[in-house]
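As structure tokens, the structure follows; a few thoughts come after it.
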């Protein structure tokens with residue numbers, strides 16, 4: 001399933017790793033030594049976040065989406 005949530009990827013000099021935040025899912029973050037690893041780890045955490053929310057009966061935000069550029 002493609003990830004449709006906004007991902008914010010930044011480099012942390014302090015941690016020497018990429019940090020991925022998922023602003024639509026509070027507290028949902030991932031990291032990794034490479035950009036690709038960080039995004040892959042974030043995808044795993046997104047799945048876990050959604051699964052936990054379902055188990056707890058909490059609402060799961062719909063992805064906001066963004067404008068598509070032609």
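The values are calculated or read from the model by the stated rules, or taken from the named source; none is laboratory data. Quick caveat, the model's predicted, so the values are computed rather than measured. We place every Cβ from the backbone using ideal geometry, glycine too, and count neighbours over all the protein chains shown.
Would you please name the residue that is surrounded by the most Cβ atoms within 10 Å (Cβ to Cβ), looking only at residues in the stretch 11-50 that are touching a residue at least 24 places away in the same chain (Cβ under 8 Å) and touching a helix residue (DSSP H, G or I) at 6+ places or on another chain (Cβ under 9 Å)? Top of the filtered list is 22. The single condition among (1) surrounded by 10 or more Cβ atoms within 10 Å (Cβ to Cβ); (2) more than 18 Å from residue 6 (Cβ to Cβ); (3) at pLDDT below 95 that residue 64 does not satisfy is (2).
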